[in-house]
């Protein structure tokens, strides 16, 4: 029996493949699934035979973000959203940034919301030519916490503002042009491209690699930790708002939301 419910952990040579495995939900992540990503990275960390970790999705999507159906449980108590973020999402993003293993996103389809944020914080990313990226949280009446924190440093103020404010998706080629991904390849070449990238990285010595990752990510880690308290306040504000309930209800019932600004 697999130790994970919502992802598959496969080891191939020196690569640990973390395959998000809710294809019927476009690999949307509930709280337990976010925790499983954390545990899977932790497992790979302890394996000396693992050089790199690859996060990808099963089926037609990379990751559609947080499972919206779970948001309804936050209606009665917004503090549950706070707990879910800081006990599950926050540690997972911090783990990606701090582990000494190289983490690569192999984006095999749409990467929306938290899925797009996952791509942002991975060390490297290769996308299939059919992939799309978006931060549509504003259309649900909530914030995109990690993209709001890291976006300026990673792709620049104007570019992250466009993603956050409009919620519109961009193509994989557009994502490459703004530095969100390193390379775009045909879908059937994605796995081979990732393997080739890993083999190329292995030409460098492991100690300098881990040290350089630490240096590169230091600013992002500091931003994440410095803004932890501010994020907690913002998350409570958004999940306590009437617009949050309206946004989720509109999404589930496939209608246009009627915003009240409160």
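The values are calculated or read from the model by the stated rules, or taken from the named source; none is laboratory data. As the structure is a computational prediction, the values presented were derived from the model and not from experiment. Backbone-built Cβ (ideal geometry, glycine too); neighbour counts: all protein chains shown.
Before moving on, here are some points about what is shown:
- Looking across segment 42-61, the residues that are in contact with a strand residue (DSSP E or B) (Cβ under 9 Å, 6 or more places away or on another chain), under 30 Å from residue 210 (Cα atoms) and surrounded by fewer than 22 Cβ atoms within 10 Å (Cβ to Cβ) come down to 43, 45, 47, 49, 50, 51, 58.
- Odd one out for residue 83 among (1) surrounded by fewer than 20 Cβ atoms within 10 Å (Cβ to Cβ); (2) farther than 20 Å from residue 31 by Cβ: (2)
- Answer residue from segment 195-211, given it is within 22 Å of residue 98 (Cβ to Cβ), in contact (Cβ under 8 Å) with a residue 12 or more places away in the chain and in a helix (DSSP H, G or I) and is farthest from the chain's Cα centre (by Cα) among those: 206
- Test: residue in segment 62-76 that is out of contact with any strand residue (DSSP E or B) (no Cβ under 6 Å at 6 or more places or on another chain), modelled with pLDDT of 80 or more and within 30 Å of residue 200 (Cα to Cα): no
- Some residue of segment 212-225 being in a helix (DSSP H, G or I), more than 20 Å from the chain's Cα centre (by Cα), surrounded by fewer than 14 Cβ atoms within 10 Å (Cβ to Cβ) and modelled with pLDDT of 90 or more: yes
- For residue 106: the one exception among (1) out of contact with any helix residue (DSSP H, G or I) (no Cβ under 7 Å at 6 or more places or on another chain); (2) touching a residue at least 40 places away in the same chain (Cβ under 8 Å): (1)
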